[in-house]
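The values are calculated or read from the model by the stated rules, or taken from the named source; none is laboratory data. Note that the coordinates shown come from a computational prediction; the quantities given were computed from them, not determined experimentally. Positions of Cβ are backbone-derived with ideal geometry, glycine not excepted, and every protein chain shown enters the neighbour counts. To get the accessible areas, we keep the full protein, side chains included, count just its heavy atoms, and leave off ligands, DNA and RNA. Shrake-Rupley method; radii C 1.70, N 1.55, O 1.52, S 1.80 Å.
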Amino acid sequence: MKKVVTKKANPLIELKNLVKIYGEGETAAEVLHGISLKINQGEMVAIMGTSGSGKSTLMNILGTLDHLSSGDYFFAGKKIDDYKPEQLARLRNREIGFVFQSFNLLPRLTVEKNIERPMLYGQVPKTERQARINNVLEKVGLLDKKDKYPLKLSGGQQQRVALARALVMQPNLILADEPTGALDSKTATMVMNELKHINQDTGTTIVIITHDERVASFAQRTIHLQDGKICS
């Protein structure tokens, strides 16, 4: 118990005066204006905003898919905004799991092979890969679907496979970008409950990017963005 409390007291993510500018000179557009925030290990946080608020840009920076223009980004206490591309790729593979609205599953690979791919990049030993695949599929209730192809599954099942893939490298952080955007309300609730259970059972930090208040209500805390700034 003591270990969990100490872990949750430490920020997994810390941004200090983050600025993102696209373009140069007269065409330069500042999208994020001095964002400062902390997200603790074990939190489930929603980042909300309308289209153009900067939430997708912020997610890309949190996931190291884009670079900040100025400011500081600390991940697990380490300043990473000056990491080299290969260091960022390693960080993404080992520490960050991604869940996207469009699932991003490879249709020609089975569920099992889709989930295995991050482990191939991460050089997880073959003897360990099958056990991890079974474990994450059991977590999302799809162990009996591992030999199926994505297009043979429902939208909710595909999103749960994407969630299993995000979990398989045992990351510290899951970034979910509009994870229910392509789902009906009943299936969306099921997926959000799945995310909540994972957060509670494993202590994995989860950050959800959404415009939907119903989705945000599953989080412990909501950060509102407007015009590239945190407004609440």
### Task
Would you pull out the residues with amide H under 5 Å of VAL168's amide H, same chain only if 5 or more places away, H placed 1.01 Å from N?
none
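Using a Förster distance of 41 angstrom, determine the FRET efficiency expected from the C-beta separation of HIS33 and ARG94, and round it to 0.05. Write out the running numbers ahead of the final one.
Values: r = 31 Å, r/R0 = 0.76.
With R0 = 41 Å, the Cβ-Cβ based efficiency is 0.85.
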### Query
Heavy-atom accessible area of LEU225 with all protein chains present, probe 1.4 Å, nearest 10 Å²?
10
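Anything over 20 Å Cα to Cα? Flag those among LYS55/LYS229; LYS84/LYS126; LYS38/LYS229; LYS196/LYS229; LYS148/LYS196, in the order listed.
Working: LYS55/LYS229 10 Å; LYS84/LYS126 28 Å; LYS38/LYS229 15 Å; LYS196/LYS229 27 Å; LYS148/LYS196 26 Å.
In this structure, LYS84/LYS126; LYS196/LYS229; LYS148/LYS196 lie more than 20 Å apart at Cα.
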### Query
Can you give me the relative contact order of the chain as a percent, contacts being Cα pairs under 8 Å and 6 or more apart?
30
### Query
Carbon and sulfur: what percent of the chain's accessible surface (1.4 Å probe)?
49
### Task
Provide the percentage of antiparallel DSSP beta bridges, counting only those with both residues in the chain; round to the nearest 5.
50
#### Entry: Residue of ILE115, ILE133, ILE80 that the Gaussian network model of the chain assigns the largest fluctuation, springs spanning Cα pairs under 10 Å
ILE80
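Could you give the accessible area per residue of the stretch 78-232, probe 1.4 Å, as a whole number in Å²? Display every interim value, and only then the final one.
Working: 8070 Å² over 155 residues.
Result: 52 Å² per residue.
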### Query
Under a GNM of the chain (C-alpha, springs under 10 Å), which listed residue has the highest mean-square fluctuation: ARG129, ARG108, ARG92?
ARG108
